[in-house]
Amino acid sequence: MSQIEELVERLCPDGVTHVSLGNVVAYSTTTIDASELTETTFVGVDNLLPNKAGKTTARHGPNTARVTQFQEGDVLLGNIRPYLRKIWLADHSGGCSGDVLCIRIHDTSEISPGFLFQVLGSESFFRFFTKHSRGAKMPRGDKKEVLKYVLPVPPLEVQHEIVKILDTFTDLEAELEAELEAELESRRQQYAYYEEELVSRSQIGPTYRLSELESQGIISLGRGKVISKKTIAALPGDYPVYSSSGAGSGEFGRYGDYLFSDERITWSIDGGGRFFYRPPHRYSITNVSGWMTVDNDIIRTRYLYYVLTAAWRHEKFDYTRKAHPSVIRDLYHISVPPLSDQDRLVRRLDTFDALVNNLTSGLPAELNARRQQYEYYRDKLLTFKELKS
């Protein structure tokens, strides 16, 4: 029997009281003058980090003269896009914006800040929080519904033991994440070297500028169209829009119409010139991105993507030198090996790329599995038999 089980058996063998959140907490009603705050004592929704990663230094100050005051032990919850799971247990006092819920315990002799933080950081709570959010474009949590969330309130001794265990889990997860991220970065660097080696070996024979290939009808280059956030809001849908301002894959939003459905290479004109491979699907790109189609009977699209990516690593684009189609047409030179050689290189690089980047394989999958394991144990530790009245 674990220590927690022994404590539960000794202190609450018949179960524990379950209450609505509003019975044990309230939202902070005190305010503070914005002029008293600094980049470290102001918390806006922008400097709360996703996935329960705490907070960072504020880049923007308050936009009102007075803001909600928080104190050590309060739990701060990002109330815009609840699915981002932004939460922080305050370890100092300060002020927060109206888009942050400041949750304060009525009586810390009944429930500890650490225990409340673990409860509100659970997947169970964030499912509830997201379910009761309102709005499609920028959903917000419903403050009244949040206070209806039901939580167990075991004896303080049990709470402290649970917090101690979960804090240990958090530390172990952070250590593992740092180790795996370092290993993953090492693999990425190894992959980049491996990719460039294979690509350079394939580049034998005469080389052609992209403009020459274009004049021969082998490739076509162009730009996307103007699609703003306002445009997307007017016609929301399921088709991705890619832009230089999007993170990760470059996705900017989801639109109700699309420009393309075929295989293409796209790149960011204003965002550093990075190339992306787009397999066949319905999608659009904005005017700050370029597109390229390829005659696959002469050059495989994915092969050209790998060749251009390897070359791009040695270039530098910024606000003074942008990757306009007119620039890259004469910047990049490639040779065209037999299709069998192109296919062989693509197979090898695709395999390695999946090992490094795919969440279902390799190190990212291990990290994701550990996170899921941690959340499973958190939910188990926070589940108690309800005391019958």
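The values are calculated or read from the model by the stated rules, or taken from the named source; none is laboratory data. Quick caveat: nothing in here was measured; it's all calculated off a predicted structure. Positions of Cβ are generated from backbone atoms using ideal geometry, with glycine treated the same way; all protein chains shown enter the neighbour counts.
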Response to the item:
Per the filter on the stretch 308-342, residues over 21 Å from Trp291 (Cβ atoms) and surrounded by 14 or more Cβ atoms within 10 Å (Cβ to Cβ) are Pro337, Leu339, Asp341
Worksheet item: What are the pairs, 6+ residues apart or on separate chains, where a residue within the stretch 56-71 that is closer than 13 Å to Ile32 by Cβ and in the same structural domain as Leu89 (by TED's automatic domain parsing) has its Cβ under 6 Å from a residue that is of a type in the set (A, V, I, L, M) and surrounded by 13 or more Cβ atoms within 10 Å (Cβ to Cβ)?
Response: Pro62/Ala34; Ala65/Ala34; Val67/Ala34; Gln69/Ile32; Phe70/Ala90
Worksheet item: Hey, among the residues in the stretch 275-307 that are under 20 Å from His333 (Cβ atoms) and of a type in the set (D, E, K, R), which one's surrounded by the fewest Cβ atoms within 10 Å (Cβ to Cβ)?
Response: Asp295
Worksheet, complete the sentence: Only one of Gly248, Gly217, Gly253, Gly237 is at pLDDT 90 or above, over 14 Å from Ile328 (Cα atoms) and out of contact with any Phe, Trp or Tyr (no Cβ under 6 Å at 6 or more places or on another chain), namely Gly217
Worksheet item: Limited to the stretch 109-139, what total is found for residues that are of a type in the set (A, V, I, L, M) and modelled with pLDDT of 95 or more?
Response: 4
Worksheet item: Can we say Ser35 is surrounded by fewer than 12 Cβ atoms within 10 Å (Cβ to Cβ) and assigned by TED's automatic domain parsing to the domain that holds Phe125?
Response: yes
Worksheet item: Can you tell me which residues in the stretch 307-331 are assigned to a loop (DSSP other than H, G, I, E, B) and closer than 25 Å to Leu198 by Cβ?
Response: Arg313, His314, Glu315, Lys316, Phe317, Ala323
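Is it the case that some residue within the stretch 107-115 is assigned to a loop (DSSP other than H, G, I, E, B), among the β-branched types (Val, Ile, Thr), in contact (Cβ under 8 Å) with a residue 24 or more places away in the chain and closer than 25 Å to Leu166 by Cα?
Yes, the conditions are met somewhere in the stretch 107-115.
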Worksheet, complete the sentence: Condition set in contact (Cβ under 8 Å) with a residue 24 or more places away in the chain and charged (D, E, K, R), scope the stretch 38-55, selection surrounded by the most Cβ atoms within 10 Å (Cβ to Cβ): answer is Lys55
Response to the item:
Ala354 meets each of (1) assigned by TED's automatic domain parsing to the domain that holds Glu185; (2) in a loop (DSSP other than H, G, I, E, B); (3) not basic (Lys, Arg) with one exception, condition (2)
Worksheet, complete the sentence: The strands (runs of 3 or more DSSP E) lying entirely within the stretch 196-274 that contain at least 2 residues which are out of contact with any helix residue (DSSP H, G or I) (no Cβ under 7 Å at 6 or more places or on another chain) and crowded, with 17+ Cβ neighbours inside 10 Å are 236-242, 264-268
